[in-house]
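Below is one structure, written out as structure tokens; comments come after it.
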Amino acid sequence: MTIQHLKSGKPAAARAEDDAKVRKVVEDTLADIEARGDAAVRDLSAKFDGYSPAAFRLSASEIEAAMQKVSARDMEDIRFAQTQIRRFAEAQRASMTDIEVETLPGVVLGHKNIPVQSVGCYVPGGKFPMVASAHMSVLTAQVAGVPRIVASAPPVDGAPHPAIVAAMHMGGAHEIYVLGGIQAVGAMAIGTQSIDPVHMIVGPGNAFVAEAKRQLFGRVGIDLFAGPTETMVIADNTVDAEMCATDLLGQAEHGYNSPACLITNSSKLAKDTLSEIDRLLKVLPTHETASASWEDYGDVILCDTHEEMLEVANDMAYEHVQIMTDRDDWYQENMHSYGALFLGARTNVANGDKVIGTNHTLPTKKAGRYTGGLWVGKFLKTHSYQKVTTDEAATLIGEYGSRLCMLEGFVGHAEQCNIRVRRYGGRNVPYGEPALPIEAAE
């Protein structure tokens, strides 16, 4: 096996040091929000966003005023995107059914899919206001039937971003706040004097938002670890360097720490892509952020075979995986650790980010090894139930339960079973002893 790293980003130790700094900032900030509530949130908003309104929650008239600023073309585009996302989310919801089955005569087991009762949806803003993130979280929660949907996004140029507000409102948000970063996530999860806490926090964000979600997990639920975007291109000589470079830089522009990786078995494609990236960075309007990401977090990995490429890709478990090869279906069949796949040169990550219908909140930092992305099922809790409808079933299950409890030394547990055997089976089972089958008892 020969795997060559023609270009590598920051070493793992340096990235770990960056993560440690973020952890400390988040820990201190959440403690401040817990201690001071609204006052802390206001101070943080003024410090980081230069924004300190009379109230952070938008009123109905403020929502309407913001939406009036969105052009007719932009509103139509938002409606189109939300229609695609709603269609896929509704199909996913329809696939999740409640069940009830009689596993033995008189023993009925089942489960119900119950929506989370309140969700906080974070929508990133800053340099790139992520209108599409409102569709992905708010609208999907609405399809799942969440009864209280809270949405928050930072101000842009000192005011609510009109298109984000429109997308939140059209997606079904019940409360809309103009708050960003740790203060938004912390306020929604912990609660303040003016914001009731939610049961779950969802949505992507920068490293600080992702770390805040991680630290709050347990106190509230979270969708997944969705930090700075990652993109991987798996390509062979069926595509050219312009296509690969465009797809890599198209995601590297997200921020200064957005990993982008090319895996290929073509030495020519690898070298040509490196040259093409240099060319495109000279003309890309977002070259400042894209250049920083590519310098510190860009990788080009040259392999001998598709099998090696697959192994490397599964190990890295990147968020977005664009596959452009002569065997795309083979990769789809064999990839097991990733956020989402984009198969073939006709599709691309930007389609998934904005409009095609799948959800763009996806696992990063190898979380794809144990979870998929945000989807309607993340907002549903599957709860089981059981009922015993006949005396015979109560006796039979009680006998087995009694003996298995005693096997583990749980006498009190066994008595829960024994009392049913006595009541519904008419059996004389001594207290604190296992209930034997009726033949053995005789």
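Looking at region 145-165, which of its residues are part of a helix (DSSP H, G or I) and surrounded by 24 or more Cβ atoms within 10 Å (Cβ to Cβ)?
Step one: filter region 145-165 for residues part of a helix (DSSP H, G or I), giving 162-165.
Listed by number, the residues that qualify are ILE164, VAL165.
Just to be sure I understand, how many residues within region 75-109 are of a type in the set (Asp, Glu), open to solvent by 80 Å² or more (accessible area, probe 1.4 Å) and not in a loop (DSSP other than H, G, I, E, B)?
Applying the first criterion (of a type in the set (Asp, Glu)) to region 75-109 yields 76-77, 90, 98, 100, 102.
Pick out the ones that are also open to solvent by 80 Å² or more (accessible area, probe 1.4 Å) and you get 76, 90, 98, 100, 102.
Now narrow it down to the ones that are not in a loop (DSSP other than H, G, I, E, B): 76, 90, 100, 102.
Looking only at that region, the number is 4.
State whether one or more residues within region 285-302 are aromatic (Phe, Trp, Tyr) and out of contact with any Pro (no Cβ under 6 Å at 6 or more places or on another chain).
Narrowing region 285-302 to residues aromatic (Phe, Trp, Tyr): 294, 297.
With out of contact with any Pro (no Cβ under 6 Å at 6 or more places or on another chain) added as a condition, the list becomes 294.
For region 285-302, residues aromatic (Phe, Trp, Tyr) and out of contact with any Pro (no Cβ under 6 Å at 6 or more places or on another chain): present.
Consider region 166-198. How many of its residues are at positive phi and crowded, with 24+ Cβ neighbours inside 10 Å?
Step one: filter region 166-198 for residues at positive phi, giving 172, 181, 191.
This time we only want the ones that are crowded, with 24+ Cβ neighbours inside 10 Å, so: 181.
Final tally of qualifying residues: 1.
Of the residues that make up region 199-208, is at least one over 16 Å from ASN359 (Cβ atoms), open to solvent by 10 Å² or more (accessible area, probe 1.4 Å) and at pLDDT 95 or above?
Yes; the residues of region 199-208 include at least one that is over 16 Å from ASN359 (Cβ atoms), open to solvent by 10 Å² or more (accessible area, probe 1.4 Å) and at pLDDT 95 or above.
Residues checked against (1) open to solvent by 50 Å² or more (accessible area, probe 1.4 Å); (2) of a type in the set (Gly, Ala, Ser):
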| residue | (1), (2) |
| --- | --- |
| CYS261 | no, no |
| LEU269 | no, no |
| SER275 | yes, yes |
| ARG279 | yes, no |
| ALA292 | no, yes |
| ASP299 | no, no |
| GLU311 | yes, no |
| MET316 | no, no |
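Would a scan of region 18-29 turn up a residue that is among the hydrophobic types (A, V, I, L, M, F, W, C), touching a strand residue (DSSP E or B) at 6+ places or on another chain (Cβ under 7 Å) and farther than 30 Å from CYS303 by Cβ? Outline the logic, then answer.
Within region 18-29, the first condition is being among the hydrophobic types (A, V, I, L, M, F, W, C), and the residues that meet it are 20, 22, 25-26.
With the extra rule that they be touching a strand residue (DSSP E or B) at 6+ places or on another chain (Cβ under 7 Å), the set shrinks to none.
No; the residues of region 18-29 include none that is among the hydrophobic types (A, V, I, L, M, F, W, C), touching a strand residue (DSSP E or B) at 6+ places or on another chain (Cβ under 7 Å) and farther than 30 Å from CYS303 by Cβ.
Let's see how each residue does on (1) touching a helix residue (DSSP H, G or I) at 6+ places or on another chain (Cβ under 7 Å); (2) more than 26 Å from ARG219 (Cα to Cα):
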{"position": "ARG36", "(1), (2)": "no, no"}
{"position": "ALA39", "(1), (2)": "no, no"}
{"position": "PHE48", "(1), (2)": "yes, no"}
{"position": "ALA54", "(1), (2)": "no, yes"}
{"position": "SER59", "(1), (2)": "no, yes"}
{"position": "ILE85", "(1), (2)": "yes, yes"}
{"position": "ASP98", "(1), (2)": "no, yes"}
{"position": "ASN113", "(1), (2)": "no, no"}
{"position": "VAL119", "(1), (2)": "yes, no"}
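It is to be established whether one or more residues within region 235-249 are modelled with pLDDT under 95 and over 18 Å from ARG327 (Cα atoms).
Narrowing region 235-249 to residues modelled with pLDDT under 95: none.
So far as region 235-249 goes, no, none of its residues is modelled with pLDDT under 95 and over 18 Å from ARG327 (Cα atoms).
Counting only residues that are surrounded by 24 or more Cβ atoms within 10 Å (Cβ to Cβ) and among the hydrophobic types (A, V, I, L, M, F, W, C), how many does region 224-240 have? Talk me through it step by step, then tell me what you get.
Taking region 224-240 as the starting set, the residues that turn out to be surrounded by 24 or more Cβ atoms within 10 Å (Cβ to Cβ) are 226-227, 229-235.
Still in the list and also among the hydrophobic types (A, V, I, L, M, F, W, C): 226, 232-235.
So the count comes out to 5.
Of all residues in region 54-67, count the ones that are in contact (Cβ under 8 Å) with a residue 60 or more places away in the chain and not basic (Lys, Arg). Before the answer, list the steps.
Here is the first cut: in region 54-67, the residues in contact (Cβ under 8 Å) with a residue 60 or more places away in the chain are 55-58, 62-63, 66-67.
Narrowing the set further to residues that are not basic (Lys, Arg) leaves 55-56, 58, 62-63, 66-67.
Count: 7.
Touching a residue at least 40 places away in the same chain (Cβ under 8 Å), open to solvent by 10 Å² or more (accessible area, probe 1.4 Å), of a type outside the set (Phe, Trp, Tyr) and outside any strand (DSSP E or B), is that true of GLY221?
no
Can you say whether VAL321 is β-branched (Val, Ile, Thr), in contact (Cβ under 8 Å) with a residue 40 or more places away in the chain and under 25 Å from ASN237 (Cβ atoms), as far as the supplied structure shows? Break it down into steps so the answer makes sense when it comes.
Numbers: β-branched (Val, Ile, Thr): yes; in contact (Cβ under 8 Å) with a residue 40 or more places away in the chain: yes; under 25 Å from ASN237 (Cβ atoms): yes.
So VAL321 fits the description; yes.
Can you pull out every residue in region 133-144 that is in contact (Cβ under 8 Å) with a residue 60 or more places away in the chain and open to solvent by 10 Å² or more (accessible area, probe 1.4 Å)? Outline the logic, then answer.
First pass over region 133-144, keeping only residues in contact (Cβ under 8 Å) with a residue 60 or more places away in the chain: 133, 136-137, 140-141, 143-144.
Passing the criteria: only VAL143.
Would you please name the residue that is farthest from TYR297 (Cα to Cα), looking only at residues in region 359-374 that are open to solvent by 40 Å² or more (accessible area, probe 1.4 Å) and touching a Ser or Thr at 6+ places or on another chain (Cβ under 8 Å)?
Restricting to residues being open to solvent by 40 Å² or more (accessible area, probe 1.4 Å) and touching a Ser or Thr at 6+ places or on another chain (Cβ under 8 Å), the top hit is ARG369.
Are any residues in region 61-71 loosely packed, with under 12 Cβ neighbours inside 10 Å and either within 17 Å of ALA132 (Cα to Cα) or under 29 Å from the mean Cα position of the chain (by Cα) (or both), and if so, which ones? Please lay out each step first, then the result.
The initial filter retains those residues of region 61-71 that are loosely packed, with under 12 Cβ neighbours inside 10 Å, namely 61, 68, 71.
SER71, the sole residue that qualifies.
Among the residues of region 344-402, what is the count of those that are in contact with a strand residue (DSSP E or B) (Cβ under 8 Å, 6 or more places away or on another chain), assigned to a loop (DSSP other than H, G, I, E, B) and more than 30 Å from TRP330 (Cβ to Cβ)?
1
What are the residues in region 318-354 that are within 21 Å of SER266 (Cβ to Cβ), of a type in the set (Phe, Trp, Tyr) and open to solvent by 10 Å² or more (accessible area, probe 1.4 Å), if any?
Within region 318-354, TYR318, TRP330, PHE342 meet the criteria.
The values are calculated or read from the model by the stated rules, or taken from the named source; none is laboratory data. Computed from a prediction, not measured in an experiment: that's the story for all the values here. A quick note on method: Cβ atoms are made from the backbone with ideal geometry, for glycine too, and the neighbour counts reach across all protein chains shown. The accessibility values were calculated without ligands, DNA or RNA, using every heavy atom of the protein model including side chains. Shrake-Rupley method; radii C 1.70, N 1.55, O 1.52, S 1.80 Å.
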